[in-house]
Structure formats: structure tokens, C-alpha cells
1. In the P(r) worked out for segment 242-486, what percent of Cα pairs fall beyond 24 Å?
2. Spelling out what I want: for every residue of segment 221-229, take phi, set θ = phi - 60°, compute 6.51 cos²θ - 1.76 cosθ + 1.60 (Karplus), and round to whole Hz; glycine and proline get x.
3. Near the amide H of Ala367, under 5 Å away, which other amide H atoms are found, from residues 5 or more places off or on another chain, if H is placed in the peptide plane?
4. Please provide three numbers in whole Å: the alpha-carbon extents of segment 155-226 along the principal axes, with the largest listed first.
5. Can you check what the net charge comes to around Leu266, using other residues whose Cβ is under 13 Å from the Cβ of Leu266 (Lys, Arg +1; Asp, Glu -1)?
6. With only Lys, Arg, Asp and Glu charged, each at its Cβ (+1 for the first two, -1 for the last two), find how big the charge dipole of segment 242-486 is about the Cα centre; round to the nearest 20 debye.
7. For segment 325-331, what does the Karplus curve 6.51 cos²θ - 1.76 cosθ + 1.60, with θ = phi - 60°, yield as ³J(HN,Hα) per residue in whole Hz, taken in order and with x for Gly and Pro?
8. Dividing the Cα radius of gyration by the Kirkwood radius, what Rg/Rh value follows for segment 300-406?
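Coordinate-derived values only; no laboratory data. Keep in mind it's a predicted model, so treat the numbers as computed, not measured. Heads up, the Cβs are rebuilt from the backbone with ideal geometry, glycines too, and the neighbour counts pull from every protein chain shown.
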Amino acid sequence: MTFLSEQQRAQIGLTYLMNMLELITPYGREKKKKLRAYKRGEVDKLIKELDNVEKVKDSLKHNTYIYIKIENLFFEVKDIKHTLKRCEDLFVLDEIEFFEIKSFAILCDRLSECFIKLNLDIPSLKINSLNEVVNILDPEHKKISSFYIYEDYSEKLRIIRDEKRRLEQQIISEKNEKNIEALKQRRLDIVIEEEQEEFIIRRKLTEALRVHLDSIRENMDSVGKLDMYMAKAKLADKYNGVKPKICTDIHIEFEDIINPQLFDILTKQNKSITPISVSLNQGTSVITGANMSGKSAAMKVILVNMILAHYGFFVFAAKAEIPVFDYIGYIAEDEQSLSSGLSSFGAEIVKLKNVMDKIKSERCFVALDELARGTNPKEGYCLVKAVAGYLRNFETVSVIATHYDGIVDKDMTHYQVIGLKYVDFDKIKYRIISEDKASIDILQECMDYRLELVQDNSTVPKDALNVCICLGLDKELIDRIKEYYDR
């Protein structure tokens, strides 16, 4: 189960985080490709996954040296799935394929030594001993990863190779050209015999390995799991993530959540991020605020953390409590809609229809960011008002970000982006005049992106006029705008 389109995942910052996962092994990268959201009937599995990430995260702090050693071993892991499939399908393996299996088996023994020291108590993580595999491919018991069709495998092979070496010495010492040609022909016949005997040995080795395929594959799976757990744990540690509490009632609680992508962008600009807190219940919640106030950013931070939790990741918050949803829907301005022949508004309605079909039969989380911004304000208001009321009738948590007034009814939760609500605009104007800094940057510095729980009938902040004044719009035009405000 995958939430959102590829474009939407990039839009909210989820793709950015997935690209940051430090996966080393081919089996870890395969786990990443197969990442999916846990379903409502898999709550126990999701909780177990989060517990396992927590165990590895805690273990990383106390066993740094061991994990460095594990990572170094991970860099040596090669993808041998195709080789194992050939073995399973009765193809006779070649020397390179035997080398791949032998190398992995020896590597697993070294990984097992490290893994035992961690004492992680994760039953699904188990590194099986592959000593029998090593012994099959290492008759000389040297425990080196290189592979050769050893003479220990067959007395006949030893005799053939002895004869080949004897002939090669004779060829070197022989002076007579006719005798040399005869010796070379004899050597060629011996080489054919050698290849035939080697094929017989390779077939026997392939058959001997076939009974160990399950153990080898279990180790491949465990290597991939540990790689993924380590990547999840390191990502959580990087941004101070916490384990979300998975609840059964339809209620979402986020305290001081952030979006890591936005955090990194602001950090590079020597700016700080503003965490937000929000409590959402079944029904409709509305986020209002003036333009530039951060409504869309608030929607994205909620969405990315919601989806991460469903994928078994820690969330980037001080505290988090969420239920498991069957579906997470997101409707925002679609820059790609024109390429499919639809207007922005038309694309929104197509997506809205899909969401409405889902909520009738599934538990859903729905995020609507500035719905109907692409149509005229009167019709847009009517549409958003109707949708907000309609969504209350289902097993759904819905969040609508809008700049329209009058959307919120009594039984809805109303959050407002604080924005410039408590700002002294005279001080802002003074800063713009006195500081050598772009006026828009000063305004953004004064913007408060936190969400404030307000009364249901609170109006959307009217900061536009003050922003126009601060940014130096012509006084005559400002006076005209004021006239319309007073009407």
C-alpha cells in the first residue's frame, strides 16, 4: 500500500527523506524499494517494527565500534540472488558463482560474531551459521574467500592435473618441433578431460549447496533488515525523531513536529525552523491564515510525518500519537495537470472524486490544501464549505487549509497560523527603512508559523494591507485599497 503519487511524495518532502536513507547492502536497498504502509489489520506488526527500530537506535549509541565493523562488512556484501536462483533451477554453477556464495558465507560468519555481541533481542533478525556451505567450497579449510576447483575434490582430477603439469614441463624442455606438436596435442586432450572432470565436480557442488539455499536466503533477508533498521535509526537520530504511539481511536496528536527537508533548507540559510503542534479528531479540522503564513507548510509537515509512521519510521516531533489509516489522500495545486489536458481546478475535482470514493468504505486521512483556489471566490467558497461539512459524516480525519472565511462550523476544529497577528507593523516598517536587508526577508523573519487553536467563527487574518504598506506599495494605491476595505 503506497500513499500519494510520486510527485506528491516529492512535494511534501518524503522523497527527500527516502533519498537520505543510508543503505549499504543490495538487500537493504531492496527493502527500501519494497517499503509499504502497514495496513489497519497489521497494527501489531507496525508496533513491532517501531520497537525494533527503537532497539537498534538505542544500541547504536552504546555499540558504536561494533556498528562501524558491521558497516564495513556490509560494504563487502554482493547481490547473489541470481546465483541462488540458478542453483535452485538446477543450472550447474561456475567458479565465479561458487566464489560469490563462498564469500557471502564467510562474511556471514564474521557478521554473526558482531551481531551476537549486540544482543538486540529481535527474533526476526538471525544470522544462520553457514559453516557447512564454507566447508563444501573450502575443502582445504583455509577460510579465504577465493575459490578454485580444488584437487581435493577428486583423485581423478589430481591425476589429470599432474599429467598436464608433466606435459607442460616436457613442452618447455623439448627441442624437436615435431615432438612439441605431439605433446601439445596430448596436453589439449588432457585439458578436455580436466574440463569434463571439473564439470562433474561443479555439478556435485551445486547439488550439495541446494539444500542450504533457505539458510543463505534467510541470512540475506536478515542483512537487509538490519541495514534498514540501522538506516531508520540513524535518520531518527539525525533529526531527533521519536517513536510514535499507535492508538486505536481516531485521534492524531503531534507536538512540535518539523519537516526535515524544510529544516535543512533553513539551516543552510542560517535560519531556524518553527515546530508546530496540532490535535486532530475524527471529522473536519480547518487551518486558516493569510497568504505567506505557512498553511501549506503546515499541511506538508503533518502529511510527511503521518506517512512515515505508517511506513514504520520514527516521526520528527517531541511527541506523536496516531491511528492507522487505510488511505491517506492529499489534494494540492497540481503543476502537472495542464500536461494531461486538465485545468488546475479540473485536476482537483478528479482527485476529489477519488477521495470521496475512498472515504465511503475506508478509514481515511484527507488533507486538502487551498481547495478550489483555481475557480472564482464565490464558487470556491461554496465548494470548500460543502466539502468540509460532508467529510464529517465518515470515519475520516480531514484537514482543510483555506483562506476563505466562514468555512468552520461549530463541531469543527479551527487552527489559525499565527502569522503576523501579534506583530507591531510600525516596528517592521522601521526595520525595513533602517536595516540593509530585503524587506520580504524581514517580513518572513517576523512571521510566526505556529498553529493557534481559535474559536470556530474567527475570521481569516487580514494582513494583506499591512504587507502591502510594509513592502512599499504606492501610497495612492494603498489609499484606494483602504477605501474598498471600508465599504
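1. Taking all Cα-Cα pairs of segment 242-486, the fraction more than 24 Å apart is 51 percent.
2. 5, 5, 4, x, 5, 5, 4, 5, 4
3. So Ala367 has HN proximity to Gly329, Tyr330, Ile331, Val399.
4. In descending order, the Cα extents are 65, 22, 16 Å.
5. Result for the neighbourhood of Leu266: -1.
6. Dipole size: approximately 280 debye.
7. Rounded to whole hertz, the list is 9, 6, 8, 10, x, 9, 10.
8. 0.99
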